[in-house]
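Here the structure is laid out as structure tokens; the discussion comes afterwards.
The values are calculated or read from the model by the stated rules, or taken from the named source; none is laboratory data. These figures come from a predicted structure and were not determined experimentally. Cβ atoms come from the backbone with ideal geometry, glycine included; neighbour counts cover every protein chain shown. Each accessible area value is taken on the protein alone, full model and side chains, heavy atoms only, with ligands, DNA and RNA left out. Shrake-Rupley method; radii C 1.70, N 1.55, O 1.52, S 1.80 Å.
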Amino acid sequence: MRPRLLVAVIVLVVVTGMISVDLRPAYAGEEPSTSGYKVLDPIRHGSLTVFPVVAPRSYATAEFMTLDEGLRSGDVVVTEYGNVRGLMRRRPAPAVQVQSAQVNRLVLINNSKRPLLLLAGEIVTGGKQDRVIGKDRIVPPESDPVDLSVFCVEPGRWVASSEHFGTSGATYGDATGGSIHGAVVPGTMMAQPSVRAKAMGDKDQAEVWAEVRKQQQSMAVEVAAAPTASAASTQEIQSTSSYARVMENKDVKEKVDEIAAPIQQNYESLIRQLRDRKAVGVVVAVNGRIIWADVFASTELLERYWPKLVRSYASEAVVTRAKGGEVSSAQAEAFLTDVEGRRETIEIEPHVYRHTEANGDGFKAFALTSLLPKTGFDLHIAKMAE
């Protein structure tokens, strides 16, 4: 690799332990963080195509707890901003002092002895409104309350349905312990890529609400056109403001399952075959257009997220009508490895994580790097086409 040449002005801002670095542009000559990944032949079903991604190595990630695991066990508590008093454990002065709940803020406490991994796009239901997490991050073990940046995906409610947040009505195959099991358990939902993009990339509540309404209307049209759909089901979709309730609708689930189930089964089978080759992620195309990539530090971590990820991709495929040509493996690999950005923003929580956002020509890429002891690797990389 050529010596790295810094050709940017760097601005450092330190606020409550967070360091933000803004690079305009990024390092010249720097190799992309996705170097070494290889894209395999695609799995196709209907309008959805996923390209498995294998890595040159896989990292130890069993120590990390997912949000689903934490909420089910009770080790993770998510509550409205404003309910934090009395939850502090170690510091004599609260790190977060608030007066009332706020739309774009939640508080999370990790009572576990394991670090918690949060992914942008995960939806927690309850409180005064359902929210979607806006950024990947790591919450250290036995944390004091952490101020989460979130976006509302339920604009029509501001009345508490519960004090704390939990899993949605969605159920997924339990993918724990490094293998896919037959058990079905409740879990959080992953927003479809178009909604994730508004939260992760635009970071704009109005844009998130507009996208939720758009996808709700599109799903209502698709369900109404299905020969087995009921008028009551269509009415339910149109009358609710909750993104989660739309995706939990019986007829919506059936539409999504038509695409998701075959892809999930094929990919899980492929993962088992390719575990020694370190399958760690996917590049996703809908109707002949590459839209997304999710890559993890290990096959084990991918398996834990795969059931809800594939449903999020399938949900996008259900409501996407524009069609293009068939995408090749070479095109998918080019999309994955091109991460050179014109502008790069880095946020650091010392000794916990580094979050990097790169803005390039026609894409945004995000990398979450663990800085915990004995780590130092990228836990999750996401890339979206714009």
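At a glance:
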item	result
Burial order of peptide ranges 217-225, 292-300, 353-361 (average beta-carbon count within 10 Å, highest first)	292-300, 353-361, 217-225
For Val153, residues with placed amide H under 5 Å, excluding near neighbours	Asp130, Arg131, Val132
Segment Ser239-Ala60, length gained on full extension (0.36 nm per residue, minus Cα span)	59.9 nm
Positive minus negative residues near Glu326 (Lys, Arg vs Asp, Glu; Cβ under 13 Å)	+2
Carbon/sulfur fraction of accessible area - the stretch 179-292, other protein chains in place, 1.4 Å, %	50 percent
Reciprocal mean inverse distance between Cα atoms of the stretch 280-366 - Kirkwood radius, Å	14.8 Å
Spin-label model distance (nm) - Gln273 vs Gln331, 7 Å beyond Cα toward Cβ	2.4 nm
All Cα pairs of the stretch 189-299, percent lying beyond 19 Å	57 percent
Out-of-range pairs (alpha-carbon distance over 22 Å; input Lys255/Lys364; Lys113/Lys374; Lys250/Lys308; Lys198/Lys255)	Lys255/Lys364; Lys198/Lys255
Cβ-Cβ FRET estimate between Asp338 and Glu258, R0 fixed at 51 Å, reported to 0.05	0.95
For the stretch 337-378, convex hull volume per residue from C-alpha positions, Å³	53 Å³
Alpha carbon centroid spacing (whole Å) that separates the stretch 275-327 from the stretch 103-156	23 Å
In Å², nearest 10: area of Leu270 left accessible to a 1.4 Å probe	40 Å²
